[in-house]
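The block underneath contains the structure these notes are about, expressed in structure tokens.
The values are calculated or read from the model by the stated rules, or taken from the named source; none is laboratory data. Remember, it's a predicted structure, so these values are computed and weren't measured experimentally. Please note: Cβ atoms are built from the backbone with ideal geometry, for glycine as well, and neighbour counts cover all protein chains shown.
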Amino acid sequence: MAQKDMSSPPQKDIVFYIFDDFELLDLAGVSAVFDAANRCAATSLYNISIYSQNEGLVSSSSSTQIYAQSPPKNMIEPVSTFIVVGGQQSAITGALSHPKTLEHVRMFAASSVRVCSVCTGAFLLAEAGLLNHKSATTHFDGIEQLINRYPKVKVREDVLFTEDKGVFTSAGVSTGIDLALELVSIDNGIAVSNQTAKRLVVNMHRPSSARQTAHTLLQQRDTSGAFIDLHAWLMQSIHKQICVDEMADYVNMSPRSFSRKFNHHHGLSPHKYFSMLKVEHAKMMLARGYRLNQVCEATGYESSHGLNKLFKVFEGMTVFQYHKAMQAKSRKTLPNMQASAS
């Protein structure tokens, strides 16, 4: 009999909970991250299983059917990570109307080290009381409803994901991938997380505080197409200091007309928008392991002084404080949910 490789890390169980008309990408995207991590590590880091209210095929909103197991009557083995997916509001309403849904969610949560939601899955966690007095987020279209319906939840707007005492929530659809990469980073280190992202050809470990309304989403809001070329030019010029007059000249408008139209399309000034791009780019570089002086140079600053001003506006802290907080978060050990409840 071959000896067990004691150097291999213990396998972690990833449990998904789905329901009729669930959002397929919430499941497929997140599970793909854990599967890719297994491949990158050349060992089975994660074991994935899928549950629903009843055993059998469960139809997603795109009509793709996924086989799910029926939850056990009593949890015997602890679960590393429990993840509730999301769906359209009608799907969430349907899931909550099922008599077993909240019972299952609470049962899995009580036996899990980490409890997570993707997109509107946060509504199931909130209804189960698992988000009371905790920070949480959801898709930006559901933020207002989450605030109004669950006043005990500390709703955070315009972030990719949150973590509060072992409970994670992520924003719309693809941000579940960002959350999964964060979990891989916590479990196995940033190198494995970055290798996983590279394998999937996605952004490497975007920090939780990155905004849902990132520059790509703002660009999509520009339905007129008036500033599409400007967006690309600003991204190419992220290492420079560009004033509003230069932006206006680029799109052949007067500064006053340009500022008015840009603010109308995007809901913020051109200067603030470009500053936001710089902060997002800086956070991305820090997450990838670049040194602070490299980050400053890449965003158009000779020292951290100018970048600190931007970080204080958008993050409420200096770039150095942000970097230290990000490093501390990636090193910390998450508490067991049962221990937190006791």
Within region 20-59, which residues are over 23 Å from N188 (Cβ atoms) and assigned to a loop (DSSP other than H, G, I, E, B)?
-> D20, D21, E23, S52, Q53, N54, E55
Looking at region 70-79, which of its residues are within 22 Å of L24 (Cα to Cα) and buried (at least 20 other Cβ atoms within 10 Å of the Cβ)?
-> P71
Does R288 satisfy the condition of being more than 18 Å from I228 (Cβ to Cβ) and either polar (S, T, N, Q) or at pLDDT below 90 (or both)?
-> yes
Which numbered condition Q145 misses (of (1) under 14 Å from the mean Cα position of the chain (by Cα); (2) over 21 Å from V30 (Cβ atoms)) = (1)
Condition met for G94 (out of contact with any strand residue (DSSP E or B) (no Cβ under 6 Å at 6 or more places or on another chain), in a helix (DSSP H, G or I), farther than 20 Å from A171 by Cβ and not polar (S, T, N, Q)) | yes
Of the criteria (1) under 17 Å from T196 (Cβ atoms); (2) in contact (Cβ under 8 Å) with a residue 40 or more places away in the chain; (3) in contact with a Ser or Thr (Cβ under 9 Å, 6 or more places away or on another chain), which one A32 fails = (3)
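Of the residues G306, G300, which is modelled with pLDDT of 85 or more, in contact with a Ser or Thr (Cβ under 9 Å, 6 or more places away or on another chain), outside any helix (DSSP H, G or I) and surrounded by 13 or more Cβ atoms within 10 Å (Cβ to Cβ)? Show your work before the answer.
Details: G306 fails: outside any helix (DSSP H, G or I).
Criteria check complete, one pass: G300.
Select, from L146, L96, the only residue that is more than 26 Å from K12 (Cβ to Cβ) and either acidic (D, E) or surrounded by fewer than 17 Cβ atoms within 10 Å (Cβ to Cβ) (or both).
Working: L146 fails: either acidic (D, E) or surrounded by fewer than 17 Cβ atoms within 10 Å (Cβ to Cβ) (or both).
Among L146, L96, only L96 is more than 26 Å from K12 (Cβ to Cβ) and either acidic (D, E) or surrounded by fewer than 17 Cβ atoms within 10 Å (Cβ to Cβ) (or both).
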